[in-house]
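Shown next, in structure tokens, is the structure this report addresses.
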Amino acid sequence: MASRIPRAETESETETESESLDESSQNQILKFLQDLPDVPMGKLSPHLEFQRTRCELKADAPIHTDTLQYSGAYASVGYDNSTRLDNFCDNFKVKVIRLTEEDMEFDMIGIDPALANAFRRILIAEVPTMAIEKVLIANNTSIVQDEVLSHRLGLIPIKVDPRWFEYAENNTPNEKNTIVFKLHVRCAKDTPRTSVKSNELKWLPHGSEFPLISEDSKSGSSSKPRTYTSFSCSQDSFPEFSNKPITTMENIILSKLGPGQEIELEAHAVKGVGKTHAKWSPVATAWYRMLPEIVLLQNVEDEVAVELKKKCPVNVFDIEDIGNGKKRATVARPRDCTHCRECIGGGKEWEDRVSLRRVKNHFIFNLNFVCSGLLPRSPLTLPPAITEPVLHVAALLRKDFDSIVAFNFSLGVHTMDNIVDSLSNAYQEFVAAAANILEAKESCSAQKTLATDAALENFKQKWELFRVACDQAEEFVESVKQRIGSECLVDEATGSVVGKSGVGIGIGPAATTGLPAISAVRLEQMSKTVRWLVLELQHGSSGSSAGSAAHSHTPGAPFDARFSEDSAQ
């Protein structure tokens, strides 16, 4: 007969075993926690950084789509997620990818979706252009009503830079705020139906030709009849329009005339923005998308690589030969990806091979210009790698010019002159070298010869010198920005600052600063010189070709030669 084990002893042994197991598991957990690496303070772990900067597309739906704007989102690891101006300035970049007369593609890096969308809305609604606002119809016997015809005229793009004009608002129409076009078309009785196109609009540089009906005109006054505009001079006398008349986009049908029908009218164009009316919007479409990023998580080889290449409808992937008869898939054109997710469809094994992502702070903008004349083009088409630093220095000079002139007196008057002269000489040599390349190509019938090689080498050298001059100008601007103060700079420049004793402090040789005197005329001349330099850097030469640019910028002609009448005063 088996002996019975006491119940109390069995329970005590069970409790002892459970306590030993609990102690062992606790020791293992403690050891696991002790072996964990320290949390990096001030830096996000890789998986958090991935969630913060990337949006991943799965076969069913995207994940990590939110953008955290809260500054304390990662406060537990000591990471500052706030938006700081200095960080924004360091990380923000703009890269021009493609630029033509009809469209433009560029990248904006270092911004969030809110700023990208705000920029898109600004392009559509707040960039000024010129559009027809008022239509004076003298005769319209076509089948198109006056209101419809006026509306169609307002939507015609005008090829002119709006920066040359002022806002009309409630002012009298004059040569600075109004462009006048005339349309007078008649279809003879014995001719077939004809189309009236925008090409028929003729620019009237002298202003309106329609007489303004008033009491003076009724009384038969002998004075010159008043018109609907008050032009003090002809617009074609301006240097901006002397060699390039104002035109509209061609081949836009306005109406159709039958035999015996006629249209006679004047159209007055003014400056406006798209938020007032869509006719002032400079772009037909303005859209953006996040930069696509495609990552192969594992090597895709042989038949699987061929299948992956066939899956993509936009040909993002390529196949390379890795030797021994093997092939491997590579990501060749990630920007072309439309995220159709065909490459990750067909099962989980494809999601394990390919990862589709979007970069949250990198946006690709695409613009379609309404009118090719809205975008000023330089006669020298240079790649963005060359034009970017030039435009950067130009914008920097324009932004800080007033501060430069004001603080220039504390640095020495000749400093500004040296900067302008250096940029002047380098720019003239740069443009002349570019013109020599075109001349060499024309003389050699676009064939590569020793002459074209020498011209190209000379162009590279002049570009390097011009870039050095731009860097020096930028350094000068930065030094001025650091040293500029907030005390009556303009008064110090003009010598009207009153000292403690109440006596005016001059800028002449006998003044305490020891700076030479400078006249207001010279100050205005320097202002015009630098502002014209900015326009030259942004628009290119005033000529219509590189050859004319070389003639208009001869090495002996300084930048401020056109303001010589100021210096003579």
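The values are calculated or read from the model by the stated rules, or taken from the named source; none is laboratory data. Because the structure is predicted, anything quoted here is derived from the model rather than measured. Neighbour counts run over all protein chains shown; Cβ positions are idealised from the backbone, glycine included. Protein only, heavy atoms only, side chains kept; ligands, DNA and RNA dropped before computing areas. Shrake-Rupley method; radii C 1.70, N 1.55, O 1.52, S 1.80 Å.
Consider Asp90 carefully, then state whether it is farther than 27 Å from Val370 by Cβ, free of Cβ contacts under 8 Å to residues at least 24 places away in the same chain, open to solvent by less than 90 Å² (accessible area, probe 1.4 Å) and assigned to a helix (DSSP H, G or I).
No; evaluated as a whole, the condition is false for this residue.
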Inset, instruction - Check the stretch 192-213 and report whether any residue there is of a type in the set (Asp, Glu), under 16 Å from Ile253 (Cβ atoms) and open to solvent by 30 Å² or more (accessible area, probe 1.4 Å). - result: yes
Legend entry - Within the stretch 342-379, considering residues that are modelled with pLDDT under 50 and surrounded by 19 or more Cβ atoms within 10 Å (Cβ to Cβ), the one nearest to the chain's Cα centre (by Cα): Leu374
Inset, instruction - Pull up the stretch 123-144, narrow it to residues that are under 16 Å from His184 (Cα atoms) and of a type in the set (S, T, N, Q), then point me to the one that is most open to solvent (accessible area, probe 1.4 Å). - result: Thr141
Inset, instruction - Collect the residues in the stretch 119-172 that are of a type in the set (Lys, Arg) and under 29 Å from the mean Cα position of the chain (by Cα), keeping them in residue-number order. - result: Arg120, Arg121, Lys159, Arg163
Inset, instruction - Just name the residue that is farthest from Gly272 (Cα to Cα) out of those in the stretch 145-176 that are surrounded by fewer than 18 Cβ atoms within 10 Å (Cβ to Cβ) and of a type in the set (Asp, Glu). - result: Asp146
Inset, instruction - Determine, yes or no, whether Gln34 is touching a helix residue (DSSP H, G or I) at 6+ places or on another chain (Cβ under 9 Å) and open to solvent by 70 Å² or more (accessible area, probe 1.4 Å). - result: no
Inset, instruction - Among the residues of the stretch 235-247, write down those that are open to solvent by 20 Å² or more (accessible area, probe 1.4 Å) and part of a loop (DSSP other than H, G, I, E, B). - result: Phe238, Pro239, Glu240, Ser242, Asn243, Lys244, Pro245
Inset, instruction - Test Ser255 against the stated conditions and say whether it is surrounded by 14 or more Cβ atoms within 10 Å (Cβ to Cβ), in contact (Cβ under 8 Å) with a residue 40 or more places away in the chain and touching a Gly at 6+ places or on another chain (Cβ under 7 Å). - result: no
